[in-house]
Every structure is written in structure tokens, then in C-alpha cells.
Amino acid sequence: MDLIKENMMKAEHIAHEGNEDPGIEPLDPIAALEQEFVLPSASSVADAPGDHRQEAQVLLRQGFQVGEIRLLVPRDATREVLQSPKWSRIPNTPPWLKGLANIRGGLVPVVDLAEAIGVERDVNAQPYLLVFGSGDDALGLLVDGLPRGRTMRSEERLGTVPPIPDMLRDCVIAAYDQNDVLWFELDAEQFFDELDKKRLAFDS
């Protein structure tokens, strides 16, 4: 993430200091609670006494989707979710790197996840920005629909990972089949490293 942020921050005339983009609409807190986005961390549940057998079988994750690809990350890996914001395009960057969004006075790189991994976006789903990290490490992924908390069970984990887009091949830790729906557990830091490599290849 640092490489992406450092490269893009060199561009001039991107944002006015201390002036939040009025096009950014944070998700209403009540709506967020109703949609089960604000959820306890996995550690808070795992520490519950009395049922060690259950805590070994249950995994609490944040689930999100782009096209037909459904991904999971730890619930505490993401910072917030916003309705798709306005951003300022940066010249000479990959098309999947949409630009910088001014979020609460900070500049956050916006990545079109569908375009980055080479899948078709769900045009019927409302786009949201899923923000990871904070400060200079912040990065936002455009996803299809509102991310939701998910409970995965160890018996749903597959022995092998089914075919996935090449961009995700080295970033997926595990795959789950939940009610005949595939979910892929993403190593977010590894994925961001792959994005850096892809951006550098575009620059060269």
C-alpha cells in the first residue's frame, strides 16, 4: 500500500487540505448496524468461555463480493465502508487505480477490485468502498454490494482451492463451500503487495 500511496501523492492539484469531498457519504450508523457490518472482532467471540469445541470450528469473517467472486477477510482487517465516493484521477496510472478520494481529510487510493483481478462487475449491485488500514497505509477497494459479517465453519473448508483469477492465486489462504456458495479467504496484505507489483509493471 505504501508504494501506491507514495506514487500517487506526488501528483499535484489533487485535493484541498482540510476540505472533505462532499460527494462522500459515510454509511449511516443505524443502517450499518442493521446490515450487520459493525460486528465484534473474532477475538472477542473466541474468548467466550464454556465451548472450546465450538470456538475451534467457527470463524468470524467479513465477507464481500465483486462479480461472481466472494472474498473473506478477518473482521478487524477493515476500517469502514462508504458509499462509492468521488475521486481525483491521477495521470499515468493503471486503469484499475481509479485515483485518490478525500476521506475525512485524508487521501485514500481507490482500487477497482473487479478491474484489478479481471472479472465483470455486477452492474445490478450498488458499489461500496471498503477501506483497509489508516493514515498512509489506507487503501480502498470498490466492491459490489454492502459487505457483511459471515460465520464460517471448519467443516465447510475445502481440501483444495477451486480455480480463481490469476491475480488472486497467491493471495487466497483457503476456500469454503457454504450452502453451495464458494467463499475465498483473502490474505489482504499479500494482495496489496501484488497490486504494488502490478502497478510497478505498468509504470515500467
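One residue is enough: does the stretch 96-115 have a residue meeting the conditions under 25 Å from residue 169 (Cα atoms) and surrounded by fewer than 17 Cβ atoms within 10 Å (Cβ to Cβ)?
no
How about the stretch 80-121: which of its residues are under 16 Å from the mean Cα position of the chain (by Cα), not basic (Lys, Arg) and not in a strand (DSSP E or B)?
Within the stretch 80-121, 84, 85, 96, 113, 114, 115, 116, 117, 118, 119 meet the criteria.
Here are 81, 119: which of them is closer than 16 Å to residue 133 by Cα, of a type outside the set (D, E, K, R) and either touching a Pro at 6+ places or on another chain (Cβ under 7 Å) or at pLDDT 50 or above (or both)?
81
Between a first residue in the stretch 99-126 that is more than 22 Å from residue 164 (Cα to Cα) and a second residue that is crowded, with 23+ Cβ neighbours inside 10 Å and aromatic (Phe, Trp, Tyr), which pairs have beta carbons less than 8 Å apart while being 6 or more apart in sequence or on different chains?
From the stretch 99-126, the pairs are 99/87; 100/87; 101/87; 110/87.
At pLDDT below 95, over 26 Å from residue 203 (Cα atoms) and either crowded, with 18+ Cβ neighbours inside 10 Å or of a type in the set (Gly, Ala, Ser) (or both), is that true of residue 59?
So residue 59 fits the description; yes.
The values are calculated or read from the model by the stated rules, or taken from the named source; none is laboratory data. Source: prediction; values computed, not measured. Note that we place each Cβ from the backbone using ideal geometry, even for glycine, and neighbour counts take in every protein chain shown.
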